[in-house]
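Working notes for the structure below.
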Protein chains: 2
Amino acid sequence: MALDHAILVSLLEQPGSGYELARRFERSIGYFWTATHQQIYRVLKRMEADGWIDVREVAQQGRPDKKEYSVAALGRDALSRWLHEPIQPESVRHDLAVKIRGAAFDDPAALIREVERHQRAHADRLAHYLAGEVRDFTGPGAPAPPDAGQELQHVVLRGGIAYERMMLAWLDDVLATLHRLRPER
Amino acid sequence: MALDHAILVSLLEQPGSGYELARRFERSIGYFWTATHQQIYRVLKRMEADGWIDVREVAQQGRPDKKEYSVAALGRDALSRWLHEPIQPESVRHDLAVKIRGAAFDDPAALIREVERHQRAHADRLAHYLAGEVRDFTGPGAPAPPDAGQELQHVVLRGGIAYERMMLAWLDDVLATLHRLRPER
DNA sequence: TCGGGCATGTAAATAGTTACATGATTCA
DNA sequence: TGAATCATGTAACTATTTACATGCCCGA
């Protein structure tokens, strides 16, 4: 289970509250590991009880108080242990592929809208990634020379960019296939 | 939840037993939706109780009897309903990306072996996909002209191929980055 | 005063993983 | 005889999702 570890990494990059983590899981780290705030609060509680993370109550002005979590020595050890363990081939969950194969038993043309929707979502995400890359890594405001952490974050982002480009190209292929199968043409 | 639907699609493509489904989920449909036999038997039982699928006891020679499942009208309806519903952006789970970002707080070079392992796994899977493509779709034994079902299965397979190629290229990028970060060099 | 953002949670249901269990047949 | 394949399951645990819940502050 890597939610624990994803949270530890995020807290090492920047300590923060459960709420802040939940927002990071909607962007940034959330692009390769999703989690809702309910899950995050539960895991934070457990990791705190296990001594993996420390809490600090932070009073804020004009906002509710928050609990700022940071990684303790035990948490660092747990992360390190996980990093040195091999991980098994990741399990994929690709609804759209199931739908495409299922379309053979329904109306393939009915999927066109759905595929177009996905294509737009991927195009948006790609644009977002590319903007982030310029902002954080390749633009004039980016730190030079980058440190190891930045290099590693950048290569993960490049993976996201490559993934979105691959998906857009494939969804084009899917659309062309669906159009070819339409009876009326 | 798409496991139900993945099973329905697989049974429409070819009726079969829980055991056979479990093996399909190790190949073919399993490349974009994973499930273990325990999950499959549970879902089959539920779908049978709901009248989505029919069972037929099949006696076999030299093997235990099996229950052959096939999709009933109610199951087809359920699948059709799902196909016409939009699906939400899929949630990603990418352990390796978490590990790479985590490596900033450990020894990045220690990840090299792990990344190489993943690269080999993706290369194997790509070779497997390409062999399947020739066998089922582009080779001389393939049916010509292909029907809609084959076209759709082929486009899903092309997606798998594109994914594996993208991953191999990205893992090269990751390795180059990790090597660049090694202190000794 | 109403909606949205900040902040934290509980409860219930569903899904997924891991471990255990059984029993037949075939092949080395 | 022992391992591998075929075949089906139960039980316990862990993870994830969805729904419900509270309360403060700020700006329109």
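The values are calculated or read from the model by the stated rules, or taken from the named source; none is laboratory data. All figures in this text were calculated on a predicted structure; none of them were measured in a lab. Note: ideal-geometry Cβ built from the backbone for every residue, glycine included; neighbour counts use all protein chains shown.
Candidates are the residues of the stretch B:1-15 that are free of Cβ contacts under 8 Å to residues at least 60 places away in the same chain and surrounded by fewer than 20 Cβ atoms within 10 Å (Cβ to Cβ); the one that is nearest to DNA strand D (Cβ to nearest atom) is B:MET1. Here is the figure for the stretch A:154-185: residues that are within 16 Å of the chain's Cα centre (by Cα) and within 7 Å of chain B (Cβ to nearest Cβ) total 6. Specify the residue that is nearest to DNA strand C (Cβ to nearest atom); the eligible residues are those in the stretch B:31-42 that are surrounded by 14 or more Cβ atoms within 10 Å (Cβ to Cβ) and within 14 Å of chain A (Cβ to nearest Cβ). Ranking the qualifying residues of the stretch B:31-42, first place goes to B:GLN39.
Look at the stretch A:78-102: where a residue is more than 30 Å from A:VAL115 (Cα to Cα) and a partner is among the basic types (Lys, Arg), sitting 6+ places away or on another chain with Cβ atoms under 8 Å, you get A:TRP82/B:LYS99; A:LEU83/B:LYS99; A:PRO86/B:ARG117; A:ILE87/B:LYS99. Scanning the stretch A:78-93 for residues that are loosely packed, with under 12 Cβ neighbours inside 10 Å and away from DNA strand D (no atom under 16 Å from the Cβ) turns up just one, A:PRO86. Annotation: of all residues in the stretch B:6-30 being more than 11 Å from B:VAL71 (Cα to Cα) and within 10 Å of chain A (Cβ to nearest Cβ), the one that is farthest from DNA strand C (Cβ to nearest atom) is B:SER28. Got at least one residue in the stretch B:86-104 being in contact with a Leu (Cβ under 8 Å, 6 or more places away or on another chain) and within 16 Å of DNA strand C (Cβ to nearest atom)? So far as the stretch B:86-104 goes, yes, one or more of its residues are in contact with a Leu (Cβ under 8 Å, 6 or more places away or on another chain) and within 16 Å of DNA strand C (Cβ to nearest atom). Checking B:ALA97, B:ALA78 one by one, the residue that is in a helix (DSSP H, G or I) and more than 20 Å from A:ALA97 (Cβ to Cβ) is B:ALA97 and no other. Of all residues being within 10 Å of DNA strand C (Cβ to nearest atom) and either modelled with pLDDT of 95 or more or under 16 Å from A:PRO15 (Cα atoms) (or both) in the stretch A:61-78, which is nearest to the other protein chains (Cβ to nearest Cβ)? Just the residue, please. Filtering the stretch A:61-78 for residues that are within 10 Å of DNA strand C (Cβ to nearest atom) and either modelled with pLDDT of 95 or more or under 16 Å from A:PRO15 (Cα atoms) (or both), the one nearest to the other protein chains (Cβ to nearest Cβ) comes out as A:TYR69. Only residues that are within 17 Å of A:ARG93 (Cβ to Cβ) and part of a loop (DSSP other than H, G, I, E, B) were counted in the stretch B:16-59, giving 7. Among the residues of the stretch B:46-69, the ones that are within 21 Å of B:MET1 (Cβ to Cβ), surrounded by fewer than 16 Cβ atoms within 10 Å (Cβ to Cβ) and of a type outside the set (Asp, Glu) come to 3 in all.
Candidates are the residues of the stretch B:106-153 that are surrounded by 14 or more Cβ atoms within 10 Å (Cβ to Cβ) and not in a helix (DSSP H, G or I); the one that is nearest to the other protein chains (Cβ to nearest Cβ) is B:ASP106.
Output the residues belonging to the stretch A:164-185 that are buried (at least 18 other Cβ atoms within 10 Å of the Cβ) and either touching a Ser or Thr at 6+ places or on another chain (Cβ under 8 Å) or under 15 Å from A:ALA97 (Cβ atoms) (or both). Selection gives A:MET166, A:MET167, A:TRP170, A:LEU171, A:VAL174, A:THR177, A:LEU178.
Consider the stretch A:64-75 and keep the residues that are outside any helix (DSSP H, G or I) and more than 14 Å from DNA strand D (Cβ to nearest atom). The one that is farthest from B:GLU90 (Cα to Cα) is A:ALA72.
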